[in-house]
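Trainee: I'd like to ask you about the structure that follows.
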Amino acid sequence: MEPLPIFYWTLLLLAPVLLVFLIYKIYFQKKREIPKNTVLLYQMGRGPHAPSVSPFPMKLETYLRMAKIPYMSDHSVTFSSKGKLPWIVYNGKPVADSQFCIEYLNKKLGISLNKEYADLDVSVGRAFQKMAEEELYWTMCAVTFGEDLTEVKKVLPYKGIELWIKLTAIKHVVQKEMWGHGIGRHNSKEIWSIGERDLHAISTFLGKKKYFLGNEPSEVDCAMFAMLAMVKWNMPNTPHERLMKSKTDQLGSLL
């Protein structure tokens, strides 16, 4: 019989601690009273230098602020039915995934942050957003959750044993997802070459513009602001941050 991997031994040893934590969440946390027409935003904790330690809660919260939608944040790390964060509850209806949340609220409340732009501009913005979220983001994960976890420990809003437990679990999940995505099959030099080209593309397109598409903010700014804020404030001493510093006039204009 093969021995269990270290990760699974860790979970077995920490099971009692996790059980106590779950009991606390279920029985001792007060049920929040949410006013009508107010979004309850479930997300991770705040970072020391940025509104969140993940770009996707930052993106969704930025959208809520731009659209002037009343909201309340819940930082209890309660996951959606899809097992992810962020997600929302609006007038009793849960909606998972940051982009689906935005699309749901747009339709429900008749909101369009893209009204100043032609369809062609919006299409280009969507292409850049998907490049950032589906490719650049994973290069950021590869650097953040690689062999050296020194810097990410400073960013996560946890201490002591809770930090160790959650960081161990997050690293395992992220590396598994990176492998499934495909980027985890590349070496570090190849992964950085992807991230470098993506950041250069964003910088070139942004140029001297005030916002990503022009002089007025649009929906894509929520995602691009979140991704670049993640690099600037949550990824110290990484190749991504160093490149961003060298492109401050372009990439820094959204922050």
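The values are calculated or read from the model by the stated rules, or taken from the named source; none is laboratory data. This structure is a prediction, so every number in the text was calculated from the model and none was measured. All Cβ positions, glycine included, derive from the backbone under ideal geometry; neighbour counts span all protein chains shown.
Trainee: May I ask you to list pairs of residues, at least six apart or on different chains, whose Cβ atoms are under 6 Å apart, with the first in the range 134-162 being in contact (Cβ under 8 Å) with a residue 60 or more places away in the chain and the second being among the aliphatic types (A, V, I, L, M)?
Mentor: What qualifies is T139/I191; T139/I194; T144/V152; V155/V53; L156/V53.
Trainee: Here's another thing I want to ask about it. Out of the range 97-128, which residues are under 11 Å from L60 (Cβ atoms) and not in a helix (DSSP H, G or I)?
Mentor: D97 - this is the single residue of the range 97-128 that is under 11 Å from L60 (Cβ atoms) and not in a helix (DSSP H, G or I).
Trainee: Where residues in the range 73-122 are within 22 Å of the chain's Cα centre (by Cα) and hydroxyl-bearing (S, T, Y), which of them is surrounded by the fewest Cβ atoms within 10 Å (Cβ to Cβ)?
Mentor: Here the answer is S81.
Yes/no matrix, rows are residues, columns are (1) surrounded by fewer than 15 Cβ atoms within 10 Å (Cβ to Cβ); (2) assigned to a helix (DSSP H, G or I); (3) assigned by the TED database to the domain that holds S54:
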{"site": "A142", "(1), (2), (3)": "no, yes, no"}
{"site": "D148", "(1), (2), (3)": "yes, no, no"}
{"site": "E151", "(1), (2), (3)": "no, yes, no"}
{"site": "A169", "(1), (2), (3)": "no, yes, no"}
{"site": "H172", "(1), (2), (3)": "no, yes, no"}
{"site": "W179", "(1), (2), (3)": "yes, yes, no"}
{"site": "G184", "(1), (2), (3)": "no, yes, no"}
{"site": "W192", "(1), (2), (3)": "no, yes, no"}
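Trainee: Of the numbered conditions (1) under 22 Å from Q175 (Cβ atoms); (2) assigned by the TED database to the domain that holds M178; (3) in a helix (DSSP H, G or I), P57 fails exactly one; give the number of that condition.
Mentor: (2)
Trainee: Would it be correct to say that S81 is part of a loop (DSSP other than H, G, I, E, B), out of contact with any Phe, Trp or Tyr (no Cβ under 6 Å at 6 or more places or on another chain), without any contact (Cβ under 8 Å) to a residue 24 or more places away in the chain and not charged (D, E, K, R)?
Mentor: Yes, satisfied.
Trainee: Mind counting the residues in the range 123-155 that are more than 28 Å from T168 (Cβ to Cβ) and under 20 Å from the mean Cα position of the chain (by Cα)?
Mentor: The qualifying residues number 7.
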